[in-house]
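The block underneath contains the structure these notes are about, expressed in structure tokens.
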Amino acid sequence: MEDCDFRGLEGIPPGSRKLVSIVSNLNNPGSSIQQQVITRRLDFYRRQRAIEVSADALIFADGSTAGQNSSKWIDMATAQIEAEKAVFAAVVARTQGQTLSGILSPMIDRALRETSAKEANPGEIYSRARHAQGFSAMYVALQGYLALQLLERSRAVGEPEVTRLVQKSFAGGRYPTFRRDNQ
């Protein structure tokens with residue numbers, strides 16, 4: 001679940017079941033994976049004498065968490081949600097005459113400075129966020145990453161279109177709150 005949309009996470013209700021696989025397309029109903037691939041993978045699972053499942057971190061429906069979180073997945077999810085809210089809020093709150101570049105460039109510059117990234121490359125900034133130490137460093141890097149993505153998108157489709165999409169996303173955003181109960 002490394003690259004998921006945290007706003008749309010849905011839990012597995014008690015007493016129910018859900019296929020979760022390291023083959024990511026099996027986790028997404030309606031994905032383009034061919035039925036024979038699914039059948040082959042399920043046959044593989046059926047032939048196993050035992051399947052061991054482990055979880056580094058769990059997030060429950062009420063936002064509470066459990067697990068070691070040694071991969072810092074919960075920190076990353078929380079930082080990504082907070083960074084998105086901050087970037088989107090800044091775009092939505094901009095005043096007449098302010099450009100997206102004027103709002104987003106300082107966030108990108110700060111991320112470059114604090115992550116020591118050599119250039120404004122979304123992949124590099126995201127990677128540095130993923131390997132950052134602590135929520136604050138992840139947050140700054142992810143804020144720069146999201147700002148850079150919006151700025152690049154605005155160059156392709158124009159500021160009005162990006163602003164409209166951000167306003168729509170921000171207004172309808174469902175943001176979970178994760179609580180670290182086991183720290």
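Would you be able to tell me the number of residues in segment 57-111 that are crowded, with 16+ Cβ neighbours inside 10 Å, among the aliphatic types (A, V, I, L, M) and touching an Asp or Glu at 6+ places or on another chain (Cβ under 8 Å)?
1
Every residue in segment 74-88 that is among the charged types (D, E, K, R) and out of contact with any helix residue (DSSP H, G or I) (no Cβ under 7 Å at 6 or more places or on another chain), please.
Answer for segment 74-88, where residues must be among the charged types (D, E, K, R) and out of contact with any helix residue (DSSP H, G or I) (no Cβ under 7 Å at 6 or more places or on another chain): just LYS85.
Can you confirm whether GLU119 is outside any helix (DSSP H, G or I) and among the charged types (D, E, K, R)?
So GLU119 passes the test.
Checking ALA79 against (1) in the same structural domain as ILE125 (by TED's automatic domain parsing); (2) aliphatic (A, V, I, L, M); (3) more than 30 Å from GLN167 (Cα to Cα), only one condition comes out false. Which one?
The single condition ALA79 does not satisfy is (3).
Of all residues being of a type in the set (A, V, I, L, M, F, W, C) and at pLDDT 80 or above in segment 14-54, which is farthest from the chain's Cα centre (by Cα)? Just the residue, please.
Among those residues, the one meeting the criterion is ALA50.
Select from segment 85-123 the residues that are at pLDDT 90 or above, acidic (Asp, Glu) and farther than 14 Å from LEU151 by Cα and list them in ascending order.
GLU114
Looking at this structure, is TYR126 part of a helix (DSSP H, G or I), at pLDDT below 95 and of a type in the set (Phe, Trp, Tyr)?
Answer is yes for this residue.
So, in segment 128-158, how many residues would count as being farther than 22 Å from ASN69 by Cβ and surrounded by 18 or more Cβ atoms within 10 Å (Cβ to Cβ)?
Of the residues in that region, 7 qualify.
The values are calculated or read from the model by the stated rules, or taken from the named source; none is laboratory data. Because the structure is a prediction, the values reported are computed rather than measured. Methodologically, a virtual Cβ is constructed for each residue, glycine included, from the backbone with ideal geometry; neighbour enumeration extends over all protein chains shown.
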